[in-house]
């Protein structure tokens, strides 16, 4: 997610923090310390409320982290790749590959809400126990607040609308029943769009009636609509790519350049004669060694273009998406690394570069599918 930075690892998975996450902590702490705790346990000092509110907000963020960690651990345990976990103002997001079966998709989806429900039950029980032992005090109030927040989080996430976990559950059920994962994704995305519109309407109605929290509800609805629409579009692309091999979609032949060339010479002799914005590089033995894009070349100061080698500003092959010509393109795109060079895909057979698959090639296949053409001829697509 743009605007996030890596802050560590959780159970071996990179943990990222979006800039909006600290904003969420401040808002939660403010609401807990200025409204909830004074109403539940009146008569304490402002310092007590402030310390308790910060602790409560941090505990809730930790609960959100455990919710996402449950998704990540379950996914990795079932062989699904996990890219990272990001905490932000609307909770958390776990970026992972697509599960291979409906059963795995179901288990990954329910693991998060079940974790929140368990945390909520334990926290409420602990709060009730603390109240029974020591009376109705601030620690008991914080625990019960934390418990109810997690119970609400678990129930809300089980609503049948993508990208909520409940939408994933519905998607897994439809996939299991119909055998068509893309159709199930489109249905879940449609439900997410509808539910998002309802949240926006409810939030706006609440706001005009004087409840400022309605804006937050509307923001959640807008986020759901955007993500659900993106997932519906992705499902449509996957349908268009069904059965298409990387070799059928690639652009070939493609202009390549030697990775040992100075940047200035590479620009004059290679980049100037290519219609692509990303250019594959070859090493001394003629094997693909990486990809360089025009933006990286332009970023090299003119006075240094004869000193720096093009491989120094390129994305190395270890961070590129590489496929063989007979691999299914849909599977190749699923494992494309978001943090690396997802596009173009380098199509390599026996150590030799056969062609590349660009975003334009994928878009072209989608457009052909919309015209009723289900296969793409293996021809060059110059741009």
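The values are calculated or read from the model by the stated rules, or taken from the named source; none is laboratory data. For clarity, every value in this text was computed on a predicted model and none was experimentally measured. No Cβ is skipped: glycine too gets one built from the backbone with ideal geometry, and neighbour counts run over all protein chains shown.
If I filter segment 120-129 for residues that are assigned by TED's automatic domain parsing to the domain that holds residue 8, under 25 Å from residue 155 (Cα atoms) and at pLDDT below 90, do I get at least one hit?
Quick first cut of segment 120-129, residues assigned by TED's automatic domain parsing to the domain that holds residue 8 only: 120-129.
Filter once more, keeping what is under 25 Å from residue 155 (Cα atoms): 120-129.
Adding the requirement that they be at pLDDT below 90 leaves none.
No, segment 120-129 contains no residue that is assigned by TED's automatic domain parsing to the domain that holds residue 8, under 25 Å from residue 155 (Cα atoms) and at pLDDT below 90.
The sole residue among 300, 292 that is in contact (Cβ under 8 Å) with a residue 12 or more places away in the chain and assigned to a loop (DSSP other than H, G, I, E, B) is 300. Please find, within segment 172-194, the residue that is surrounded by the fewest Cβ atoms within 10 Å (Cβ to Cβ) out of those that are part of a helix (DSSP H, G or I) and over 20 Å from the mean Cα position of the chain (by Cα). Ranking the candidates gives 177 first. Among residues of segment 1-12 being touching a helix residue (DSSP H, G or I) at 6+ places or on another chain (Cβ under 9 Å) and over 23 Å from residue 227 (Cα atoms), the one that is surrounded by the fewest Cβ atoms within 10 Å (Cβ to Cβ) is 12. Counting residues in segment 21-35 that are modelled with pLDDT under 90, crowded, with 16+ Cβ neighbours inside 10 Å, assigned by TED's automatic domain parsing to the domain that holds residue 99 and within 17 Å of the chain's Cα centre (by Cα) gives one or more. Only a single criterion out of (1) out of contact with any strand residue (DSSP E or B) (no Cβ under 8 Å at 6 or more places or on another chain); (2) over 19 Å from residue 359 (Cβ atoms); (3) modelled with pLDDT of 90 or more; (4) surrounded by fewer than 16 Cβ atoms within 10 Å (Cβ to Cβ) is not satisfied by residue 295, namely (2).
Checked against (1) within 18 Å of residue 311 (Cα to Cα); (2) in contact with a helix residue (DSSP H, G or I) (Cβ under 9 Å, 6 or more places away or on another chain); (3) loosely packed, with under 15 Cβ neighbours inside 10 Å, residue 269 meets all criteria but (2).
Tally up the residues in segment 242-278 that are part of a loop (DSSP other than H, G, I, E, B) and either without any contact (Cβ under 8 Å) to a residue 60 or more places away in the chain or in contact with a strand residue (DSSP E or B) (Cβ under 8 Å, 6 or more places away or on another chain) (or both), please. Quick ask: steps written out before the conclusion?
Of segment 242-278, the ones part of a loop (DSSP other than H, G, I, E, B) are 242-244, 250, 252-256, 259-261, 270, 274-277.
Still in the list and also either without any contact (Cβ under 8 Å) to a residue 60 or more places away in the chain or in contact with a strand residue (DSSP E or B) (Cβ under 8 Å, 6 or more places away or on another chain) (or both): 243-244, 250, 252-256, 259-261, 270, 274, 276-277.
Counting residues in segment 242-278 that are part of a loop (DSSP other than H, G, I, E, B) and either without any contact (Cβ under 8 Å) to a residue 60 or more places away in the chain or in contact with a strand residue (DSSP E or B) (Cβ under 8 Å, 6 or more places away or on another chain) (or both) gives 15.
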